Amino acid sequence: MFQKVLEYTGTYRKTTYRAIVFMLLGVLMNVIPFWLIYQMIAPLLNHETIGGNDIVWRVAVIGVCAVGHGYFYVHGLSLSHESAYHTLENLRISLQKKMEKQPLGTIQEKGTGVIKKMFIDDIETIELLLAHALPEGIANIAIPVFVFIFMFFVDWKLALLSLCALPLGIMAMMIMYRSGTSKMGVYYGAAQKMNNTIVEYINGMEVVKVFNRDGDSYRRFEKDIHAYRDFTLDWYRVCWPWMAMYNAILPCVALFTLPIGTYFVFRGISTLPDLVLVLCMSFGIGAPLVRALGFMSTLPQINYKIGNLEKLMNAPPLQQNSNRFTGKDHSVSFENVRFAYQDEEVLHGVTFEAKSHSLTALVGESGSGKSTLAKLLVHFYDINGGAIKIGGQDIRDMSLEALNQEISYVSQEQYLFNISLLENIRLGKLSATDEEVMSAAEKAQCNEFFARLEKGIYTMAGDGGKQLSGGERQRISLARAILKNAPIVVLDEATAFMDPENEEKMNDAIAEVIKGKTVIVIAHRLQSIVGADQICVMANGTLAAVGTHEKLRKTSPEYAKLWRASEDSNEWSVSTKSADLKRGDEEV
């Protein structure tokens, strides 16, 4: 485990080693006074006298050791923290780079709470290993080992007695580790679930309030928090008795030495000066031993978190190459595409082609695989079988950057960064001038709501674009697509958040986006795609039919059913009835 973490220390590995050396000196300074105390007691045990000068200089050295212990130990901690925080920086950067290479869909599936916990909480925990457990643990275990070796040269029988308390303490510690480790996976699973639930609860607060679902939402929130509390307390209940036992036994190195050693002295097996020396040195190493072995309780947790981080870091990267786009045109073809979320296959050998400069619509019931096809085209996931090609070139044969240059993807939900609306639009083309950005915004019908904003296009979007409505965020995303001017456009229900009043304006913006492009559109309102060059009907993860609107109405039962449902929804209306109230009825 140490080796895994030290790989990320980089140039600061030497700083860690220096920290260990300084802490070794610090712990040594804490043990030397007990040797000096013995030197002042020893003459009295041998019926000799000790001069005042001898006592004074030894007391002075004890004072110097106290100061030296503080200096060396604190300086060692300073160096270890310097190395630790640079290592955490390297870990986070490395994790970020690894995540950049993984499928975006896989990252999204983990949830914001899990990613936040890994980047902040789990990596922060490793600071305990680097800044304390590693340097302090080595220093506090190395000095006692040398002292025990010294004791064996003094009197091996008394040295063995000093060691007797260690197996009991370590046995209690091992039982605690074994019991605690068995519950660790459940504990961290509950923590991750709670993190995701808290993030979801806060983000969905507006919807919860609007639809008066406070009770249901809060019950789930409360349930996950209580589950985390219960798993935590259950884990601690298992560990607490054993933790108390080893904390009580480990410092008492003289637990057996004092009574049995005294008996040895009376029987003439050992000498009184040797017993006093061993006892003095035992008192000197009790505290370092507890500190060193105390870090062991954190190692299973740290190891578990490092394992999770490594699992994320070692996850298979997105299949891509460093090649540029070399397709002969911008036609899009799905060839026997198979895909599974986790272990459940949701696309079963889908094959169709969207010809260059044509409009292809994907329709079907919810869960039929329409949005999945769009996400696979923009390479959110790697497919499990078949191929997706642009102009004959497999998307896995080009870099993700090259693929993104060829495709503009406008999904139902768009994220805006907390920067100005102008800079949010400029994300579509970072080299664009302000004039080009403003032109794209005008074509996307954004100027209407810019006029209502005090700073217009220079208004800050807020976290996640919270300053704008859903429809306004979609128009910003369309402005990005117009500015990007990619030859392939994927629209995933781009008017989902539009009110009827603004839908016509949005359709004008969409017409600007798709002009002269290869377009794949996912639509629930079939009236908007009756003029499509081809319509692909999805059903249960398979391609049920392909054709024009008129052809499919006659030949595809699935499409005919969708069309009837769409026509019926257009006839829906809301009727209101008002009753005349007599004036007397209104009076109270």
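The values are calculated or read from the model by the stated rules, or taken from the named source; none is laboratory data. Computed from a predicted model, the values in this text were never measured in an experiment. FYI the Cβ positions are ideal-geometry reconstructions off the backbone, even for glycines, and counts take in every protein chain you see.
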Query raised in the report: Out of all the residues in the stretch 48-87, which are closer than 11 Å to Ala131 by Cα and of a type in the set (A, V, I, L, M, F, W, C)?
Result: Leu77, Leu79, Ala84
Requested in this report: Kindly indicate which of Leu134, Leu129 is at pLDDT below 80, in contact with a Leu (Cβ under 9 Å, 6 or more places away or on another chain) and part of a helix (DSSP H, G or I).
Outcome: Leu129
Requested in this report: Hey, can you tell me all the residues within the stretch 237-270 that are closer than 20 Å to Leu163 by Cβ and part of a loop (DSSP other than H, G, I, E, B)?
Outcome: Leu250, Pro251, Cys252, Val253, Ala254, Leu255, Phe256, Ile269, Ser270
Report task. Show the residue pairs that are 6+ apart or on different chains and have beta-carbon atoms under 9 Å apart, the first residue being within the stretch 156-173 and farther than 16 Å from Gly286 by Cβ, the second being surrounded by 20 or more Cβ atoms within 10 Å (Cβ to Cβ) and of a type in the set (S, T, N, Q). Result -> Lys157/Ser270
Query raised in the report: When the stretch 452-480 is examined, which residues are found to be farther than 18 Å from Val410 by Cα and outside any loop (DSSP other than H, G, I, E, B)?
Result: Gly456, Ile457, Tyr458, Met460, Asp463
Query raised in the report: For the stretch 88-97, does any single residue satisfy the condition of being of a type outside the set (A, V, I, L, M), in contact (Cβ under 8 Å) with a residue 12 or more places away in the chain and either under 16 Å from Lys14 (Cα atoms) or crowded, with 19+ Cβ neighbours inside 10 Å (or both)?
Result: yes
Query raised in the report: Right, Gly392: in contact (Cβ under 8 Å) with a residue 12 or more places away in the chain and under 24 Å from Gln108 (Cβ atoms) or not?
Result: no
Requested in this report: Please find, within the stretch 55-69, the residue that is surrounded by the fewest Cβ atoms within 10 Å (Cβ to Cβ) out of those that are over 24 Å from Lys14 (Cβ atoms) and within 48 Å of the chain's Cα centre (by Cα).
Outcome: Val67
Requested in this report: Check Lys455 against each of (1) of a type in the set (D, E, K, R); (2) modelled with pLDDT under 85; (3) surrounded by fewer than 19 Cβ atoms within 10 Å (Cβ to Cβ) and name the one condition it does not meet.
Outcome: (2)
**Report entry** Total residues in the stretch 1-54, condition aromatic (Phe, Trp, Tyr) and more than 31 Å from the chain's Cα centre (by Cα)
**Finding:** 4
Query raised in the report: Any residue in the stretch 312-321 that is part of a strand (DSSP E or B) and modelled with pLDDT of 75 or more?
Result: no
Query raised in the report: Which is in a helix (DSSP H, G or I), in the same structural domain as Thr125 (by TED's automatic domain parsing) and touching a residue at least 12 places away in the same chain (Cβ under 8 Å), of Ala66, Ala60?
Result: Ala66
Report summary line: Quick count over the stretch 526-544, residues being of a type in the set (S, T, N, Q), under 24 Å from Ser408 (Cα atoms) and at pLDDT 90 or above, is 1
Query raised in the report: Does Asn203 satisfy the condition of being at pLDDT below 75 and over 24 Å from Phe148 (Cβ atoms)?
Result: yes
Report task. Go through the residues of the stretch 75-94 one by one and say whether even a single one is modelled with pLDDT under 85, out of contact with any strand residue (DSSP E or B) (no Cβ under 6 Å at 6 or more places or on another chain), of a type outside the set (D, E, K, R) and not in a helix (DSSP H, G or I). Result -> no
Requested in this report: Could you check how many residues of the stretch 103-137 are of a type in the set (A, V, I, L, M), closer than 30 Å to Ile285 by Cβ and surrounded by 19 or more Cβ atoms within 10 Å (Cβ to Cβ)?
Outcome: 6
Requested in this report: Evaluate the stretch 146-156: report whether one residue or more is acidic (Asp, Glu), in the same structural domain as Gly10 (by TED's automatic domain parsing), surrounded by 15 or more Cβ atoms within 10 Å (Cβ to Cβ) and closer than 18 Å to Asn247 by Cβ.
Outcome: no
Query raised in the report: Only one of these conditions is not met by Gly462: (1) surrounded by fewer than 17 Cβ atoms within 10 Å (Cβ to Cβ); (2) modelled with pLDDT under 80; (3) at positive phi; (4) not basic (Lys, Arg). Which number is it?
Result: (2)
Query raised in the report: With respect to Ala142, is the statement that it is part of a helix (DSSP H, G or I), modelled with pLDDT of 75 or more, over 17 Å from the mean Cα position of the chain (by Cα) and surrounded by 16 or more Cβ atoms within 10 Å (Cβ to Cβ) true?
Result: yes
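Listed here are the residues, each with its yes/no results for (1) assigned to a loop (DSSP other than H, G, I, E, B); (2) surrounded by fewer than 12 Cβ atoms within 10 Å (Cβ to Cβ); (3) modelled with pLDDT under 85.
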| site | (1), (2), (3) |
| --- | --- |
| Glu503 | no, no, yes |
| Val513 | no, no, yes |
| Val521 | no, no, no |
| His524 | yes, no, yes |
| Val546 | no, no, no |
| Trp563 | no, no, no |
| Ser566 | no, no, yes |
| Ala579 | yes, yes, yes |
| Val588 | yes, yes, yes |
Requested in this report: Return the only residue of Tyr38, Tyr8 being crowded, with 18+ Cβ neighbours inside 10 Å and touching a Ser or Thr at 6+ places or on another chain (Cβ under 9 Å).
Outcome: Tyr8
Query - Residue that is surrounded by the fewest Cβ atoms within 10 Å (Cβ to Cβ), among those in the stretch 359-382 that are under 21 Å from Trp563 (Cβ atoms) and among the small types (Gly, Ala, Ser) - result: Ser366
